[in-house]
1. Loop-only trypsin sites (Lys or Arg not before Pro) in the range 1-56, please: DSSP not H, G, I, E or B, and at most 15 other Cβ atoms within 10 Å.
2. Test of understanding: what is the full-extension gain from residue 4 to residue 64, defined as 0.36 nm times their sequence separation minus their Cα-Cα distance?
3. Report the extension gain between residue 23 and residue 56 in nm, rounded to one decimal, defined as 0.36 nm multiplied by the number of residues separating them, less their alpha carbon distance.
Amino acid sequence: MYEKGFRVSKVILLYNMDKERSHKISERLRSSLISNKIEVVEDHREAEAAIVIGGDGTLLRAFHQVGSLPILGVKDGTFGDTIRVRYNAIR
């Protein structure tokens, strides 16, 4: 189990590749993560957590893909009742 406030050093970014907005958000997040010394990996088996950009469907697909990794969902549009974090709320 993860403790409150744990810090990760490796994450995987997942998003719907068909959505240009999600791609742009992922690139901005990637830059921000790297500048904060967090490595962005391509294989979920190397990651300590996943950041999922999209709506509810993207989030559900990510759950199947990454297994038991902690997931932070980032809303990219109008759909996403499950996701409460909006990109502009992330610093």
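1. Sparse-neighbourhood loop trypsin sites (Lys or Arg not before Pro): 4, 7, 37.
2. So the chain would gain 19.2 nm between residue 4 and residue 64.
3. Contour length minus the Cα-Cα distance gives 10.2 nm.
Any read-out appearing in this document is the output of simple, stated calculations on the displayed coordinates, not a laboratory observation. Since the structure is predicted, the reported quantities are computational estimates derived from the model, not experimental observations. With ideal geometry, Cβ positions are generated from the backbone for all residues, glycine too; neighbour counts draw on all protein chains shown.
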